[in-house]
Every structure is written in C-alpha cells, then in structure tokens.
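Peer 1: Got a structure for you, questions after.
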Amino acid sequence: MSVTKLEKAEADHGFIGIWHIYEMSEWDEDYFNMETQAYIEIQADNSGDFQFGLVSGYIDGYIEQTGDKERLSFTWEGQDEMDEANGSGWLELNGDDDVEGLIGFHMGDRSTFQAKRAS
C-alpha cells in the first residue's frame, strides 16, 4: 500500500513570519523564555513550529473566518520535557506586528499569549 502526500497550497497572509511571545496567561517569563526566546513561526503553507519553556512542537494550520477577523487555527504535536505532547491553538492579528493566541495541550493546560513580530 502506498501513501500519497498531499501538497499544501502556499498563501500570502499576515500570519507568516516569526513571532516572539512576550506574555502568557499560565506561565511567567522566567519559564517561557527558559531555553530560548519563546516564539511561534508560521510558514506560507500554514505549517510552522514553536517553543516556550521546555515545550516545543510542529504546527499544522489553516485560515478560517471568525466574524470579521481571520484566524489561523492549528493542531500541533511535539514534546513537553521530552514526553510526547499534542494539542491545538489559534492566532489572531491585532495589527501588522501583534498577535494574540491560545495554545492548549490535549486534555490538559491551555494558555493565551501575546506576541510581536520578530524584526
């Protein structure tokens, strides 16, 4: 049996880029910047990656309309202190260089966050 990988179409939207997380509702800055500057990166095909504290993962996202705003919703899989972890989340633009979002663990913690576009 063979498996065919679907190619994701690339798009040009405001979420593309690297975003530095500067605030999280569930964790303080000492934790979320523990190993590196906390970030979330979104590619043109809506995939990406992130890291905060000892949590890192890969994103599979899609753009959706929520009222009058666009939202990048995503699922993710990765690790939390070397243990497998997964969940979901979303990003919404608050201007060209600011986003707010939510990241959650499946059956576990969830945190809102604020991030600025990396220069």
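The values are calculated or read from the model by the stated rules, or taken from the named source; none is laboratory data. All values reported here derive from a predicted model rather than from experimental measurement. Ideal geometry is used to build each Cβ from the backbone, glycine not excepted, and the neighbour counts take in all protein chains shown.
Peer 1: Which of the residues that make up segment 106-119 are in contact (Cβ under 8 Å) with a residue 24 or more places away in the chain and under 27 Å from Ala11 (Cα atoms)? Show your work before the answer.
Peer 2: Just the residues of segment 106-119 that are in contact (Cβ under 8 Å) with a residue 24 or more places away in the chain, to begin with: 109-118.
Hits for segment 106-119 are Thr112, Phe113, Gln114, Ala115, Lys116, Arg117, Ala118.
Peer 1: Separate question: Of the conditions (1) at pLDDT below 95; (2) surrounded by fewer than 17 Cβ atoms within 10 Å (Cβ to Cβ); (3) over 23 Å from His13 (Cβ atoms); (4) acidic (Asp, Glu), Asp96 satisfies every one except a single condition; which number is it?
Peer 2: Exception for Asp96: condition (3).
Peer 1: Kindly establish whether Gly104 is surrounded by 13 or more Cβ atoms within 10 Å (Cβ to Cβ), small (Gly, Ala, Ser) and touching an Asp or Glu at 6+ places or on another chain (Cβ under 6 Å).
Peer 2: Details: surrounded by 13 or more Cβ atoms within 10 Å (Cβ to Cβ): yes; small (Gly, Ala, Ser): yes; touching an Asp or Glu at 6+ places or on another chain (Cβ under 6 Å): no.
No, not satisfied.
Peer 1: Report every pair of residues separated by at least 6 positions or lying on different chains whose Cβ atoms are under 8 Å apart, first residue within segment 29-42 and among the polar types (S, T, N, Q), second part of a strand (DSSP E or B) and surrounded by fewer than 18 Cβ atoms within 10 Å (Cβ to Cβ).
Peer 2: Gln37/His20
Peer 1: Condition (residue is within 13 Å of the chain's Cα centre (by Cα) and loosely packed, with under 13 Cβ neighbours inside 10 Å) applied to segment 52-62: is it met by at least one residue? Lay out the reasoning, then the answer.
Peer 2: Going residue by residue through segment 52-62, those that are within 13 Å of the chain's Cα centre (by Cα) are 52, 55-62.
Now narrow it down to the ones that are loosely packed, with under 13 Cβ neighbours inside 10 Å: 62.
Yes, segment 52-62 contains a residue that is within 13 Å of the chain's Cα centre (by Cα) and loosely packed, with under 13 Cβ neighbours inside 10 Å.
Peer 1: OK, next. Taking Ile16 as meeting all but one of (1) over 16 Å from Glu70 (Cβ atoms); (2) touching a residue at least 24 places away in the same chain (Cβ under 8 Å); (3) not aromatic (Phe, Trp, Tyr), write down the number of the exception.
Peer 2: Only one criterion in (1) over 16 Å from Glu70 (Cβ atoms); (2) touching a residue at least 24 places away in the same chain (Cβ under 8 Å); (3) not aromatic (Phe, Trp, Tyr) is unmet by Ile16, namely (1).
Peer 1: Something else now. Please list, ordered by first then second residue, the pairs with beta carbon atoms under 6 Å, 6 or more apart or interchain, first in segment 58-73 and of a type in the set (Gly, Ala, Ser), second surrounded by 15 or more Cβ atoms within 10 Å (Cβ to Cβ).
Peer 2: Every condition considered, the pairs that remain are Gly61/Asn46; Gly61/Leu72; Gly61/Phe74; Ser73/Trp90.
Peer 1: Ok, one more. Can you give me the ranges of the strands (runs of 3 or more DSSP E) entirely in segment 42-97 with at least 2 residues that are of a type in the set (Asp, Glu)? If you could, list the steps in order and put the result at the bottom.
Peer 2: On the way: elements: 47-52, 55-66, 69-80, 83-93.
Where strands (runs of 3 or more DSSP E) fall fully within segment 42-97 and carry at least 2 residues being of a type in the set (Asp, Glu), they are 55-66, 69-80, 83-93.
Peer 1: Follow-up. Please specify each residue of segment 65-77 satisfying the condition of being surrounded by 12 or more Cβ atoms within 10 Å (Cβ to Cβ) and over 12 Å from the mean Cα position of the chain (by Cα). Steps first, answer last, please.
Peer 2: Of segment 65-77, the ones surrounded by 12 or more Cβ atoms within 10 Å (Cβ to Cβ) are 70-77.
If the condition is that a residue be surrounded by 12 or more Cβ atoms within 10 Å (Cβ to Cβ) and over 12 Å from the mean Cα position of the chain (by Cα), then Glu70 is the only one that fits.
Peer 1: I'm checking my understanding of the structure. Among residues of segment 12-41 that are β-branched (Val, Ile, Thr) and in a strand (DSSP E or B), which one is surrounded by the most Cβ atoms within 10 Å (Cβ to Cβ)? Don't jump to the end; show me each part of the working.
Peer 2: In the first step, residues of segment 12-41 are kept if they are β-branched (Val, Ile, Thr); the result is 16, 18, 21, 36, 40.
Now drop any that are not in a strand (DSSP E or B), which leaves 18, 21, 40.
Numbers: Ile18: 16, Ile21: 24, Ile40: 27.
So, considering only residues that are β-branched (Val, Ile, Thr) and in a strand (DSSP E or B), the one surrounded by the most Cβ atoms within 10 Å (Cβ to Cβ) is Ile40.
Peer 1: Restricting attention to segment 98-111, and to residues there that are among the small types (Gly, Ala, Ser) and outside any loop (DSSP other than H, G, I, E, B), which single residue is nearest to Glu64 (Cα to Cα)?
Peer 2: We begin by selecting, within segment 98-111, every residue among the small types (Gly, Ala, Ser); these are 101, 104, 108, 111.
Those left that are additionally outside any loop (DSSP other than H, G, I, E, B): 101, 104, 111.
Working: Gly101: 14, Gly104: 18, Ser111: 21 Å.
Among those residues, the one meeting the criterion is Gly101.
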